[in-house]
Amino acid sequence: MLPTTALLLGLTGTALGFHPCQRIADKVSSATDVHYSGSSSYVADNEHYATSSEQASKCSVEPGSAEDVGIVLGILGKTKTAFGVKGGGHATNQGFSSTTGVQIAMTRFNEVTYDSATQTAVIGAGNVWEDVYEILDAQGVNVVGGRVTGIGVAGLTLGGGYSWLSNQYGLALDNVVAYELVVPNGTVVTVTEGSDPDLFFSLKGGGNNYGIVTRFTLKTYPQGAVWGGFAAYNASYISAFTAASVKFCSEVTDPKAGMIIEYGYTSGQMFYDGPIPPDGIFDEFLAIPALALDVTTRSFFDLINGTVPIVDASTGYRTVYNHIPTLEYSASNIEDVLDELNYWGPTLSAHGAFYVDYAIEPFLPSLLTHAPAGSSAYPGSRDHVAFPTNVNLQWLSESEDSVFHDGARQTVERLSAEGESIYPNYAIYSTPVVDMFGEEGVKKMEATRQRVDPHGVMMLTGGFKV
Ligand SMILES: Cc1cc2nc3c(=O)[nH]c(=O)nc-3n(C[C@H](O)[C@H](O)[C@H](O)COP(=O)(O)OP(=O)(O)OC[C@H]3O[C@@H](n4cnc5c(N)ncnc54)[C@H](O)[C@@H]3O)c2cc1C
Ligand SMILES: *[C@@H]1O[C@H](CO)[C@@H](O)[C@H](O)[C@H]1NC(C)=O
Ligand SMILES: *[C@@H]1O[C@H](CO)[C@@H](O)[C@H](O)[C@H]1NC(C)=O
Ligand SMILES: *[C@@H]1O[C@H](CO)[C@@H](O)[C@H](O)[C@H]1NC(C)=O
């Protein structure tokens, strides 16, 4: 018995504490703090959008400088300690930014600095998008980022980033000029197209495989008042709603217009990059009597701050997302989505489903032309656009997890266009990376990882691994 116990203690700490936490606290500067169960910081550091993404860590670390991030990674690597790196905590897969080891929360990296000379902004990796929008709006500019409150700059940008501004300026990752990255040996490097093209490519989709990003330098664009918001309809209007959806998806070519159309809650988010949309773009939706309507001319910040996700961690729901790449939103494709909803709604209700939803996300065919082919790991190809339809399932009981995970996989199987790049930020944990980045992309990403992280430190944290 004794040798086993000794071995366990050697790996995971002693009865007096978990060694890596104490070691981190001893080595870092006063800019950084370590928190333990029982403190409110520890609770906030471990909190996630979905309760199913939460785990109880041994301690949490809030690094206050890039150098301290390097010290933390050094200790975690040497002690082979599992860890999580959290930005906005919106990963819908458990273990992607959570851990039972050391939880790193990036909240202290909250800088937002606009530079009018270069038309860029330096954004700390601990920001959520609405905080960035609020600061930049006041200066008349904007960046390409998330569409509802709470989403982290880091996770969204490292995985892709579909935005209200994507029809005009591309994905969030297309708009990164530089990354400040702490590589696993503890060195702080600035990664640009010129400094390290393969690493720059790999960070555009490759998530946490290469180290911890502390700052992003993003392109900025002038931003004035916008129009839009949320509308919800009684499901009895489903045929008018579908007719409006098909019309929007097939006819609207104005890059300033955007929508997220939800089947399950029969609702829509509308966006126009200007104070009043031209006639004809949203008229069919606006003509349907709404149960709730919050559509108006407002600042970009107000639009996002007013768009709160329907369900969040505090309501206690478990969540799975999965990506359904879709080539076109025709009447028949949308009918197929409705058929799936009509099957999975009742089927999963029997297992305690709270929410079964398909989000239709139309973009223009020119979406991927705002950056050169081969400039990013995701998407694996820029030949044409596959829309990021998202299935979102929510339920209460952990004992039903596998039913919902299987459902999320089966519905994707039935609705997906074959061979299209899977979006890492919507994909269920079991998705192979080759389906996201393609064979060429994965090869380049693997070679880059072996160079930047030869000892596999970033393998100690979850996520899609190359
Ligand atoms: C309600 C909701 C709305 C969404 N809306 C959109 C949308 O409009 N557009 C869109 O494209 N996607 C959207 N998503 C998906 C979103 O992009 C992903 O959930 C994304 O991972 C969230 O980033 P985060 O920082 O909040 O997540 P986290 O869970 O904190 O992190 C996600 C991943 O990034 C890694 N990571 C975080 N910080 C760092 C860092 N500093 N360095 C290295 N790795 C890091 C984590 O380890 C983890 O693997 C949405 C998700 C939800 C739940
Ligand atoms: C939705 O419409 C149905 C059928 O017309 C009606 O019975 C129901 O009360 C409506 N629900 C709401 C919330 O208005
Ligand atoms: C942002 O939204 C929250 C929640 O609805 C609200 O309390 C807050 O006042 C809003 N912030 C601003 C600056 O409008
Ligand atoms: C740390 O890694 C970086 C990136 O791979 C490399 O340039 C640097 O030489 C390494 N430093 C040390 C001390 O090994």
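Over 30 Å between C-alpha atoms is what I'm after, so list which of Lys219/Lys444; Lys86/Lys256; Lys27/Lys219; Lys247/Lys443; Lys78/Lys444 land there.
On the way: Lys219/Lys444 25 Å; Lys86/Lys256 32 Å; Lys27/Lys219 36 Å; Lys247/Lys443 41 Å; Lys78/Lys444 27 Å.
Where the Cα-Cα span goes over 30 Å, the pairs concerned are Lys86/Lys256; Lys27/Lys219; Lys247/Lys443.
Using just the helices of the chain, give the 222 nm mean residue ellipticity in deg cm²/dmol: DSSP H runs with n ≥ 4 each add -39,500 (n - 2.57), and the total is spread over all residues, rounded to 500.
After summing the helix terms and dividing by the residues of the chain, the value is -9000 deg cm²/dmol.
For segment 417-466, rounded, prolate or oblate, judged on the Cα gyration tensor with a ≥ b ≥ c (square roots of eigenvalues), a/c < 1.5 rounded, else prolate if a/b > b/c?
Verdict is oblate for segment 417-466.
Quote the charge dipole size of segment 371-446 about the Cα centre in Debye, to the nearest 20; the model charges only the Cβ of Lys and Arg (+1) and of Asp and Glu (-1).
280 debye
Report, by chain and number, residues whose modeled amide H sits under 5 Å from the one on Gly84, excluding near sequence neighbours (fewer than 5 apart, same chain).
Under 5 Å from the amide H of Gly84: Val102, Gln103, Ile104.
Could you work out how much longer the chain between Asp115 and Ile276 gets when fully extended? Use 0.36 nm per residue separation minus the Cα distance between them, nm to one decimal.
Going from the current span to full extension adds 55.1 nm.
With charges set only on the Cβ (+1 for Lys and Arg, -1 for Asp and Glu), what does the dipole of segment 20-105 come to about its Cα centre, in debye to the nearest 20?
With only Lys, Arg, Asp and Glu charged at Cβ, the dipole is about 340 debye.
Determine the share of segment 20-105's accessible area contributed by carbon and sulfur atoms, expressed in whole percent, with a 1.4 angstrom probe.
On segment 20-105, the fraction of accessible area on carbon and sulfur atoms equals 49 percent.
In whole Hz and in residue order, list the ³J(HN,Hα) couplings for segment 144-149 that follow from phi through the Karplus curve 6.51 cos²θ - 1.76 cosθ + 1.60, θ = phi - 60°; x for Gly and Pro.
8, x, x, 10, 9, 6
Round to a whole number: what % of the accessible area of segment 256-367 belongs to carbon and sulfur, probe 1.4 Å?
The value for segment 256-367 is 53 percent carbon and sulfur by accessible area.
Taking the Cα centre of the chain as the origin, how large is its charge dipole in debye, to the nearest 20, when only Lys and Arg (+1) and Asp and Glu (-1) carry charge on their Cβ atoms? Show your work: numbers first, answer last.
Working: 23 positive and 49 negative charges, 293 e Å.
The dipole magnitude comes to about 1400 debye.
Which of Thr79, Asn167, Val132 sits farthest toward the positive end of the charge dipole of the chain, with +1 on the Cβ of Lys and Arg and -1 on the Cβ of Asp and Glu?
Going by the charge dipole, the pick is Thr79.
So what's the angle, to the nearest 10 degrees on a 0 to 90 scale, between helix 331-349 and the longest Cα principal axis of the chain?
Here the helix axis deviates by roughly 60 degrees.
At 7 Å along Cα-to-Cβ for each site, give me the label-to-label distance between Leu291 and Ala331 in nm.
2.6 nm
Once phi is turned into θ = phi - 60°, what whole-Hz ³J(HN,Hα) does the Karplus curve with 6.51, -1.76 and 1.60 give for every residue of segment 448-458, x standing for Gly and Pro?
Running phi through 6.51 cos²θ - 1.76 cosθ + 1.60 with θ = phi - 60° gives 5, 5, 5, 6, 7, 9, x, 9, x, 4, 6 Hz.
Relative to the first principal axis of the alpha-carbon coordinates of the chain, what is the inclination of helix 2-12, with its axis defined by its Cα atoms, in degrees from 0 to 90 and to the nearest 10?
It works out to around 50 degrees.
I'd like the per residue volume of the convex hull spanned by the Cα atoms of the chain, given in cubic angstrom.
Spread over its residues, the Cα hull of the chain gives 147 Å³ apiece.
Put +1 on the Cβ of every Lys and Arg and -1 on every Asp and Glu Cβ in the chain; which of Tyr265, Ile428, Pro20 then has its Cα farthest towards the positive end of the dipole?
Farthest towards the positive pole: Pro20.
Using the alpha-carbon atoms, what tilt in degrees (0 to 90, nearest 10) does helix 401-415 show relative to the longest principal axis of the chain?
Long axis of 401-415 versus the principal axis of the chain: about 50 degrees.
Just to confirm, what accessible area per residue do you get for the chain at 1.4 Å probe, in whole Å²? Numbers along the way, then the final one.
Working: 18490 Å² over 466 residues.
With the other protein chains kept in place, the chain gives 40 Å² per residue.
The values are calculated or read from the model by the stated rules, or taken from the named source; none is laboratory data. The structure presented is a predicted model; accordingly, all values stated were derived computationally and were not measured. So basically every Cβ, Gly included, is an ideal-geometry build from the backbone, and we count neighbours across all protein chains shown. Ligands, DNA and RNA are excluded from the accessible area calculation, which covers all protein heavy atoms including side chains. Shrake-Rupley method; radii C 1.70, N 1.55, O 1.52, S 1.80 Å.
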